[in-house]
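Structure record follows, encoded as structure tokens.
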Amino acid sequence: LPLGAKGMPEIDAETGQWATAPIFFAGDVAGYRPLLHEAADEGRITGRNAMLWPDVARHHRRTPLSIAFTDPQIAMVGM
């Protein structure tokens, strides 16, 4: 199965699947976005896809979110 430039599995962020294998990743091991709400989404996406494999469905992810703790406070939402 394919590995990325850093030797890690190439996981599809919209399915949680590693290539075409029946192997799925969610949460911290997926390495997509280390945020609680993203991990919860990944759990639902990959759990559903693992149960229905080989009928894997793509799911859109939430709007990207980043926060810098500054004074004054700043937040950035979207691309």
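The values are calculated or read from the model by the stated rules, or taken from the named source; none is laboratory data. Model, not experiment: these values are computed from the prediction. Remember, those area values only see protein heavy atoms, side chains included, never the ligands or the DNA or RNA. Shrake-Rupley method; radii C 1.70, N 1.55, O 1.52, S 1.80 Å.
The table that follows gives values for the structure above.
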item: Per residue value of the accessible surface for the chain (all protein chains in place, 1.4 Å probe), Å²; result: 73 Å²
item: Ranked order, MET79, MET51, MET8 - accessible area, probe 1.4 Å, largest first; result: MET79, MET51, MET8
item: Most mobile of ARG62, ARG33, ARG48 in a GNM of the chain (Cα contacts under 10 Å); result: ARG62
item: Heavy-atom accessible surface of the chain: percent carbon and sulfur, 1.4 Å; result: 62 percent
item: Residue-averaged 222 nm ellipticity for the chain, from DSSP H runs of 4+ at -39500 (n - 2.57), nearest 500; result: -7000 deg cm²/dmol
item: Segment ILE23-ALA57, extension gain: residue separation times 0.36 nm, minus the distance between their alpha carbons; result: 10.8 nm
item: Degrees separating the helix 36-52 axis from the principal Cα axis of the chain, which is the longest one; result: 10 degrees
item: Correct option for log10 I(q)/I(0) by the Debye sum over Cα atoms at q = 0.14, 0.17 Å⁻¹ [calculated from the coordinates] among [x] -0.52, -0.70; [y] -0.54, -0.78; [z] -0.45, -0.65; result: [x]
